[in-house]
Amino acid sequence: MLGLMQNQPLLISSLIDFAERHHGDGEIVSRRVEGDIHRYHWRDVAVRARRVANALDALKLQFSDRVATLAWNGYRHLELYFGVSGSGRVLHTLNPRLHPEQIAWIANHAEDQVLCFDLSFLPIIQAVHAKCTTVKHWIALCDADKLPKNSGIPGLQSYEAWIGAQSEKYRWPEFDENSASSMCYTSGTTGNPKAALYSHRSTILHAYAAALPDVMCLSARDSVLPVVPMFHVNAWGIPYSAALTGAKLVFPGPALDGKSIYELIEAERVTYAAGVPTIWQMLLGHMKPGGLKFSTLKRTVIGGSACPPAMITAFREEYGVEVLHAWGMTEMSPLGTLCTLKNKHLTMPESEQMKIRLKQGRAIYGMDMKIVGGDGQELPWDGKAYGDLLVRGPWILREYFKGEGGNPLVQDGWFPTGDVATIDPDGYMQITDRSKDVIKSGGEWISSIEVENIAVAHPAVAMAACIGMRHPKWDERPVVVVVKKAGAEVTREELLKFYEGKTAKWQIPDDVIFVESIPLGATGKMLKARLRETLKDYRLPGT
Ligand code: AMP
């Protein structure tokens, strides 16, 4: 017997309809590429998203055709999120931090038909447009009078003229909720990037889950600053969850420096902000010298890379801001776990609580996880055993776009994350490494994240990467590659001494290598493969 409830498909258009109807006067504030602040409301997003849908119809775009964006976080990008997917096309967010050649490769692989870009990315488009063979329409996200003359890009139109010519009336189509809605390519640190193709259903379920109290805890009373880019896994789904809750959205545009972010947080009374550790490092770096404080910020979600303990402490103790450590990946829409404490942990001493806060957190309903050993057998949840982390659920990838890389699933539909983790008896997962970054010393594993966390807790260290180096006896030994803070000093010996008492003796790195900078990938993650490459002639002391 089937249930007798209405079978309404879960479609992205329903989010913008809801936001317009119930939170029409909720604000959307954007720092624009032009440098000024733009301000309007959810009802305006809805009207203009419908104009986008009509504009795509006018171009005769078919169901599931790809519409690409190369854009910062801002209101026009938000309108495309709803207008493109709502009308049945697939929103493809391109990452401008990739090499232009790679952007062209990805646009061709996705078979993008339309490409909408912020004017700050005009040089990239000028460099690659001739190579993007499937793109028929180029749209600059600007006013008609800002459209560059003689850009060399055939048929270039301004977004405002493009959608301005369209009616604001549009009836969102109804279709199968499993239809593709958006796509995002993985960072591709090895080989060609592969795309996760999200569906309307997966996006809505993820948006519900992300808004839950023990996840992002979003509400109509929040003012939300997604610093995490809309071109990287849909800004962790925040645009959708904000529409679902009626939260105010504040977009930073291209200005991601500490000063600009701080000013936006204060001016727009931001209560909640989300981003990767490097962004918060810049923010705290700006605030500390001037003794600045937050007047409204309550929570930050930090993910994408392990959050250094020093950052959690600074936010909590110096600024009264709760840090929620989160973990996920492009293939997971992206949220998997979030670290909020259970009641029984709140009575623990602060130092014990801190050990839990450093973990990547508990599973969000909808995402199941387990760890397995080399033999594929499930390992115990004792907080000690570590193994490959596998996940499954309705917003987790089944296969990559166009079947790239074959079937990634293992063991009855579990997706291998490529991360190595422990899970404790309370269900808190802790990433110890990427499987390829883990350091194997004398048959034991050393967590590179742990070694890095200790280094960055030193007041003179800005950034640290721990990598394994060949050792004749131990197979591999850790060395820590360090970037010093501007004007700060620390010697190799001082830093190695700093490790004493903080970790087991055999886990202390064998050497410290000081460098000017550590290579970062397009999503802000340290590129350890490239770092290893630059150190290929390095030899461990005494070998
Ligand atoms: P991406 O698909 O680019 O978002 O990268 C996903 C990968 O980033 C994960 O598989 C992890 O290796 C890493 N990652 C994400 N969040 C965290 C975190 N909180 N701590 C450690 N690693 C993380």
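With a ≥ b ≥ c the root eigenvalues of the C-alpha gyration tensor of the stretch 1-83, is it rounded (a/c under 1.5), prolate (a/b larger than b/c) or oblate? The shape class here is oblate.
Placing R0 at 56 angstrom, the Cβ-Cβ distance between Asp412 and Leu527 gives a FRET efficiency of 0.95 after rounding to 0.05. Would the stretch 441-534 count as rounded, prolate or oblate if I go by the C-alpha gyration tensor, calling it rounded below 1.5 in a/c and otherwise prolate when a/b exceeds b/c, oblate otherwise? Verdict is oblate for the stretch 441-534. Taking a sphere under 15 Å around the Cβ of Gly487 and counting the other residues whose Cβ falls inside, with K and R at +1 and D and E at -1, yields a net charge of +1.
Applying Stokes-Einstein at 25 °C and 0.890 mPa s to the Kirkwood radius of the chain, computed over alpha-carbon pairs, gives a translational diffusion coefficient of 101 µm² s⁻¹.
For the pair Lys402 and Ala165, the difference between a 0.36 nm per residue extended length and the Cα-Cα distance amounts to 81.8 nm.
Computed from the Kirkwood radius of its Cα pairs, the Stokes-Einstein diffusion coefficient for the stretch 46-149 at 37 °C and 0.692 mPa s stands at 240 µm²/s.
For the stretch 441-534, the relative contact order is 26 percent, taking Cα pairs closer than 8 Å that sit 6 or more residues apart in sequence and dividing their mean separation by the residue count.
When the label point is put 7 Å from the Cα of Lys342 along its Cα-to-beta-carbon vector, which residues of the stretch 362-395 have a backbone N closer than 15 Å? Inside the label zone: 362-365, 381-383. Between Met5 and Thr133, the distance separating the two model label sites (each 7 Å from Cα on the Cα→Cβ line) works out to 4.9 nm. Within the shell defined by Cβ-Cβ distances under 14 Å, the residues around Lys194 carry a net charge of -1, with Lys and Arg each +1 and Asp and Glu each -1.
Taking other C-beta atoms within 10 Å as the exposure proxy, Cys116, Cys184 rank Cys184, Cys116 from fewest upward. Amide H contacts of Asp475: Gly442, each under 5 Å away and 5 or more positions distant or on a separate chain (H built 1.01 Å from N in the peptide plane; Pro and chain starts excluded). For helix 200-211, report the angle its Cα long axis makes with the longest principal axis of the Cα atoms of the chain; keep it between 0 and 90° and round to the nearest 10°. So the inclination is approximately 60 degrees. Label positions at Thr491 and Arg434, each projected 7 Å from the Cα along the C-beta direction, are separated by 3.5 nm.
Count charges around Gln8 for me, please; just the other residues with Cβ under 13 Å from its Cβ, Lys/Arg as +1, Asp/Glu as -1.
-3
Once you reduce the stretch 417-439 and the stretch 395-412 to the center of their Cα atoms, the two points are 21 Å from each other. Projected onto their three principal axes, the Cα atoms of the stretch 395-454 cover extents of 41, 27, 21 Å, largest first. Quick one: of Lys440/Lys505; Lys359/Lys436; Lys288/Lys436; Lys298/Lys528; Lys342/Lys384, which pairs are farther than 24 Å apart, Cα to Cα? Violating the 24 Å limit, Cα to Cα: Lys288/Lys436; Lys298/Lys528. Around the Cα centre of the chain, unit charges on the Cβ atoms of Lys, Arg, Asp and Glu (plus for the first two, minus for the last two) sum to a dipole of about 400 debye.
A short reminder: the numbers here are calculations on the coordinates, not readings from a lab. Only a predicted model underlies this, so the values are computations on that prediction, with no experimental measurement involved. Glycine gets a Cβ as well: all are built from the backbone with ideal geometry, and neighbour counts include every protein chain shown.
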